[in-house]
Structures are given as C-alpha cells and as structure tokens.
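Taking it in order: structure first as structure tokens, then the write-up.
Read-outs: derived from the displayed coordinates by stated rules, not from any lab. In this text the structure is predicted, and so the values were computed from the model without any measurement. Here the Cβ positions follow ideal geometry from the backbone for every residue, glycine too, while neighbour counts run over all protein chains shown.
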Amino acid sequence: MATRGVMAQLALILAVAAALSSSVVPACLAVTSPYVRPPPRATLSLHHRRLDDDDDDQTPQQVHISMVGPDKMRVTWITDDDAPAIVEYGTTSGQYPLSATGNTTTYSYVLYKSGNIHDAVIGPLQPSTTYYYRCSSSSAREFSFRTPPATLPFKFIIVGDLGQTGWTDSTLKHVAASDYDMLLLPGDLSYADFIQPRWDTYGRLVEPLASTRPWMVTQGNHEIEKLPVVEPTPFVAYNARWRMPYDAGATPSSDNLYYSFDVAGGAVHVIMLGSYTDFAAGSPQHEWLRRDLAAVAGRSTPPAFVVALVHAPWYNSNEAHQGEGDAMRAAMEELLYGARVDAVFAGHVHAYERFQRVYAGEVDPCAPVYVTIGDGGNREGLAGKFVEPQPAISAFREASFGHGRLEVVNATHALWAWHRNDDDEPVVADQVWITSLRANPACHGGNRK
C-alpha cells in the first residue's frame, strides 16, 4: 500500500504539470496515425485450451469472476457433468475455511446443450487481498484472485471486441503482463455467432485472466444470436454465461444487459449500458439510467469520476458502422452530459479513436471524453478507412489492435493510455490526462449549461 501511495503522488505531480489549463490535454490534435499494422491472424482452433487428460467431467473450467457490491465476488464456472455449485476459499493456498453455495443452470440452443453453468457469490472480502479458491470441491484445480482496492488509485483495463484470434492472444498476453484491478469489456466477447462451442473455447481462452481479476462486461451485437422461429430469444448464451450484478447495488436494474457499480469505496461510478435493448425515452433502461444518475448526484459524497460503457459508439469518424449509435446518443446523451459523466468508452468499430470532450457534436469542456476501443483482436479484422478530413472533435485515430488502460490516480486526475499491439509489443500510441468534471467549478452550479 505504501508503494501504491508513492506512485499516486508521483503521478499527481505529472498530472498537475500536464493539466494546468485544460481538463483534457490531448497527446496530439486531430491526428490520424500513419502506422502500418501487421497482417491479420487466424481464428484460434475450436479445440484450443482443453483441460488436461487426467481431468474429469466434474473438473471446473471457464472460470471467471465479477464484482457484486463493494466486498463480494461472483464466481462462475462450468462442469461437463453434475457437480455441486460450491466455492470454497481462503487467504492461504490449499486452505479453504470459507464457502458459499450458489446456483446451477443450463441452456439449449438449436442442437447444442451447454454444460452445467454454476455461479456462487462469496464474501464479504477484504480489499487488496489475494484469495485462493476451488470450485465444486474439486482438488484438480486451485484458482486465486486479488480483490480491488477500497481507495484510489484504481487501475482499469478496457478492451472491446475481443474474439479469439492470434491477435486476441497477443492482447491477452499484454493485459496479463500489466498490473490492474479490473477489466471492463464494452461488448462482443466470443464472436461465437450462433456456433455455441465457440463460447466454450472463449471461456477457456480468457480463464487465466478472468479467474484472477473481475471482468465486468456488457453486450454487443455478436451476443444477440437471435434466429427467427428457431431461437427467437436474444442473448441466451450471454445471459447464461456472463451474469453481471444488475440486481445489486444502490440502483438495481431489471436486466442483465445494463447495470452500474462503484469501485474504490465509491470514488468511481461505472455505468454499463445496453446498445441492443430498448434505450428510448420511457423505456426501462432509460428510466433506470435517470434513477441511477439521480442517485449518484444525491450522494453526500458524489463519485470523483463517472464513466460509462456502450457498444455502438456515439461518435465515430471511421467509415465502418457510421450512424449506428446515433439513436442511442439522441436518447441518452443529454442525461450523461447533465450528470457530468467524465468518459464514455465504446466498441463495435474495429479501430481506436479518441475524441475531445464533446456534446451535441461540438467541443464542450464539461462533456465526456469519447473513446472507441473495439480493437481487442476480433476475427473480422480491422476497420482501416476513416472519414476525411478528420473532424475537429476527433483527437487521435488508428486502425490497429490493442487495449486501453485507465488509472484513476486520485479524486481529480485519471490517466488514459492506449497500447497498440505493435508486432506483439504493447506500445503506448496515445495517452491523455483527464481531469474530473466534478473538480471543475466551471461545470457546476450557475456555470452549467
């Protein structure tokens, strides 16, 4: 913890130097990167990362965790055969004095039948602590995770449109080599696209990371998987496999497709929105967002930073997916702007782009920073064609695979950096300091628009 504090102080010194006159200091103004990306890589085999030969059908696999409230964690895993939905855990390897029992479900999709999908919520847990755990009382595999800190600084990884290609593998290796507290994914996880065994291979692919840090996700268009007549219900696999804490917290929602949560003792509020469920005024999601933002504003100590994630970007100067986020922006942008949301992260477009603080298509110092980060490694390739000339509201854009890191250093400053997958090396290609809008007097009271 002492090291964390020293690093925070050093980062603050740099922050102040970088942000004396502006809430966002662009690394470069209206830049389209000339970087020539390496060629695409093939989708990984559907048989990759199977369990060891000596594991049986009750051995847990596809293990991942997600936060539930300030001090609990949901553990989700799959077994091929019937097994108890129990997680045993403790702070010493091989010793599990605590336990929690959860639920088991399955789903069918056309001719596919899933394994047994288990989840159990464990806690209360201590912050910044390593816990060791096993699932279904299986002695074959021990897992561990580190709980997030209860105070700032707090480090996020943000990556969208992940898929399961060679570039995905490269991205995951870069993420694994970094020190972070939580991963946020704004949709398009497995790219199963109706082929359900791809959900299983994806679960095995991400397990080494997703079992050690909480992964908080929202849905993309590739999670819909709706087939007329045959499979009329959307999001069947996604909802069964990736249950998020939509029914927890101060403002629970009624749908796994949108929810919110706090980290760092309430210093950061994260809003996960659903681009592919009704968002129009008067819809359940729209009304929930109103309640959530009002509850945040009404706190005795409001969050220092508020960030939101969607899948289809509200601002986009790439030729791909032009206008697909416009309807949602028309319905919700005013709400986020009025609540002084600091940043909005999106996926969908397979390229990276960072915008200035923008509201209603114009630069506005009290609006969110918009970032498209749909470049995790998907099998559809990159979106390499941008609209020319580059709009003035667009600060930096590049069609390359990579991932982002958002470190909320303290109550006033956060550092955003995009790491390009440059021939398998994570190269910082774009970086910017973001000042909390809550800390900007010009964005409050009588100064507000």
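Quick notes on this one:
- MRE, 222 nm, helices only [DSSP H, n ≥ 4, -39500 (n - 2.57), over the chain, to nearest 500]: -5000 deg cm²/dmol
- Charge context of P234, other residues only, Cβ under 10 angstrom, K/R +1, D/E -1: -2
- Extent along principal axes [Cα atoms of region 61-146; Å; largest to smallest]: 43, 28, 17
- For the pair region 193-219 / region 334-372, the C-alpha centres are spaced 28 Å from each other.
- Calculated FRET efficiency for the pair D326/S283, C-beta based, R₀ 22 Å, to 0.05: 0.85
- Distances between placed amide hydrogens fall under 5 Å for Y352 paired with E398, A399, S400, all partners being 5 or more residues away or on another chain.
- Kirkwood Rh and Cα Rg combined as Rg/Rh, region 306-414: 0.95
- The calculated FRET efficiency for the pair D364 and T101, based on their C-beta separation and a Förster distance of 41 Å, comes to about 0.25.
- With respect to the chain, whose longest principal axis is taken over its alpha-carbon atoms, helix 2-18 is tilted by about 30°.
- You can think of it this way: the chain between R290 and S139 has 49.7 nm of extra reach, that is 0.36 nm per residue less the Cα-Cα gap.
- Two-site FRET efficiency, A439 against T233, from Cβ-Cβ distance with R₀ of 45 Å, rounded to 0.05: 0.50
- Net charge contributed by nearby residues that have their C-beta within less than 12 Å of K173 (K/R +1, D/E -1): -3
- Backbone N under 18 Å from the E334 label point (7 Å along Cα→Cβ), restricted to region 294-316: 294
- Backbone N under 15 Å from the E380 label point (7 Å along Cα→Cβ), restricted to region 148-181: 160-165
- Degrees separating the helix 284-297 axis from the principal Cα axis of the chain, which is the longest one: 70
- For region 233-286, the pair-distance distribution built from all alpha carbon pairs, in bins 10 Å wide starting at 0, is 23, 51, 24, 3 percent.
- Longest to shortest principal axis, alpha-carbon extents of the chain, angstrom: 61, 46, 44
- Radius 11 Å from Cβ of Q219, net charge of other residues (Lys, Arg +1; Asp, Glu -1): -4
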